[in-house]
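The values are calculated or read from the model by the stated rules, or taken from the named source; none is laboratory data. Predicted model, so just to flag it, every value in this text is computed and none were measured. So basically every Cβ, Gly included, is an ideal-geometry build from the backbone, and we count neighbours across all protein chains shown.
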Amino acid sequence: MEHGLFFSFFVIFSGAAILATFSLYTHQPIIVAYVLLGLIAGPSGFQWVSDPDLLNEISHIGIVFLLFLLGLDMQPSSLIHVLKKASLVALISSVFFFAIGYFAGQAFHFTANESLIMGAAMMFSSTIIGIKLLPTTVLHHKHMGELMIGLLLIQDMLAIVVLLVIGSSGNQNTSQVSFLLTALALPCLILGAYLVVKWIILPLLEKFDLFHEYLFLMAIGWCLGLAVLAEFLGLSKEIGAFIAGITLATHPVAQFMTDKLKPIRDFFLVLFFFALGANFKIHVLADIWLYALILSVVVIAIKPITFKVLLSQQLERSGLAWDVGFRLGQISEFSLLIVYLALSSNLIGEQAAHVIQATAVLTFIISTYIVIFNYPNPIAPADRLRRD
């Protein structure tokens, strides 16, 4: 039975409220409740929400706002400093994780192409999980927050390169053109955004700063506008949103925008985690559960150790290195996008795709449990660890 968008929203947010209540009473992470609701109400469950693809697209707006808010709270000078330190760690770790994924695929007797895609999917960590579980004070004002943002941004840029390679794999000329255009697009987008903010947006904000509704609309329009432009230029919506935020970071209005946009971000992130559960096909578990479990254990075990070793080589404190490692101990929402594009390009079969999707869900859930019970975060069950 087909249900409309209004009924779908009723199921999602009413169900989320009920399961979140149960989660809080039983000291479980709320994020897991949202994923579980997707499994229950989605196509693999009672089918109350029959079009998770639409919700999945809508939910990515939450990721866009998340990156926009990150940009608003990071000064450009701080970003340049942290990217210098994070770049080597991000590059080395990504190559290492790719190798692990590739050899795991070979051990599971997947084809060479499927193993390559599996390696690519293992390279990245989740921006949503990593940032969502960071306390606001750490995210905005402490070194660890800046370091994690730097690592995740570099991973996002690497993910764009991977997506370009997959999307243009059938045409060498298209591949070369795409790489050239993307290489030119990023600096042009940054320069263009800086000039628009300096000569148009900031004068308007200063002239009408007493009209809070106008500031709110300007923030949303600028965020979504640059996100759409970035995607049009071959980059990602997330990078466009981050650039939109960081170009406004030096203006006093940035804090006002941050406070006003947080509820919108959280609204769409609920949809993201619901869609993650709803898009998972429970009936395939019988065929792939062992592969997914092994790969998830490898990811959960290897990623924290790798980040700890690499960050220690950069003279970071041991405790901070472990903290960052466990917070980034999962695969990424980009991994799901890589799988979708690889399926569309006939580079990967259904079974390998389901293994990666199941690994994403498992590592999201397991890493969330590890962080909320061991490190400061906004949704910790224990008062001693809860930091907003």
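For segment 311-336, taking the residues that are outside any helix (DSSP H, G or I) and polar (S, T, N, Q), the one that is nearest to A120 (Cα to Cα) is identified as S332. Please go through segment 253-310 and pick out each residue that is in a loop (DSSP other than H, G, I, E, B) and surrounded by fewer than 20 Cβ atoms within 10 Å (Cβ to Cβ). Selection gives K281 alone.
Could you list all residues from segment 10-54 that are β-branched (V, I, T), touching a residue at least 24 places away in the same chain (Cβ under 8 Å) and not in a helix (DSSP H, G or I)?
Of the residues in segment 10-54, the ones β-branched (V, I, T) are 11-12, 18, 21, 26, 30-32, 35, 40, 49.
So of that shortlist, the ones also touching a residue at least 24 places away in the same chain (Cβ under 8 Å) come out as 11-12, 30-32, 35, 40, 49.
Scanning segment 10-54 gives a single hit, V49.
The criterion of at least 3 residues that are in contact (Cβ under 8 Å) with a residue 12 or more places away in the chain and β-branched (V, I, T) is met by the following helices (runs of 4 or more DSSP H) wholly inside segment 98-168: 127-132, 136-141, 143-167. Filtered by the rule that a residue be crowded, with 21+ Cβ neighbours inside 10 Å and part of a helix (DSSP H, G or I), segment 363-388 gives T363, F364, S367, T368, V371, I372.
For the structure I just gave you, tell me whether A121 is modelled with pLDDT of 95 or more and either under 18 Å from the mean Cα position of the chain (by Cα) or over 27 Å from H60 (Cα atoms) (or both). So A121 does not fit the description; no. Residue count for segment 205-243 satisfying the condition of being free of Cβ contacts under 8 Å to residues at least 24 places away in the same chain and closer than 18 Å to Q255 by Cβ: 8.
Here segment 277-317 is the region considered, the condition is being more than 26 Å from L36 (Cα to Cα) and of a type in the set (S, T, Y), and the residue that is modelled with the highest pLDDT is T306.
When restricted to residues that are surrounded by fewer than 24 Cβ atoms within 10 Å (Cβ to Cβ) and more than 14 Å from V339 (Cβ to Cβ), segment 103-127 contains 8. Looking only at segment 337-349, count every residue that is surrounded by fewer than 21 Cβ atoms within 10 Å (Cβ to Cβ), in a helix (DSSP H, G or I) and touching a residue at least 60 places away in the same chain (Cβ under 8 Å) and tell me the total. Number of matching residues: 2.
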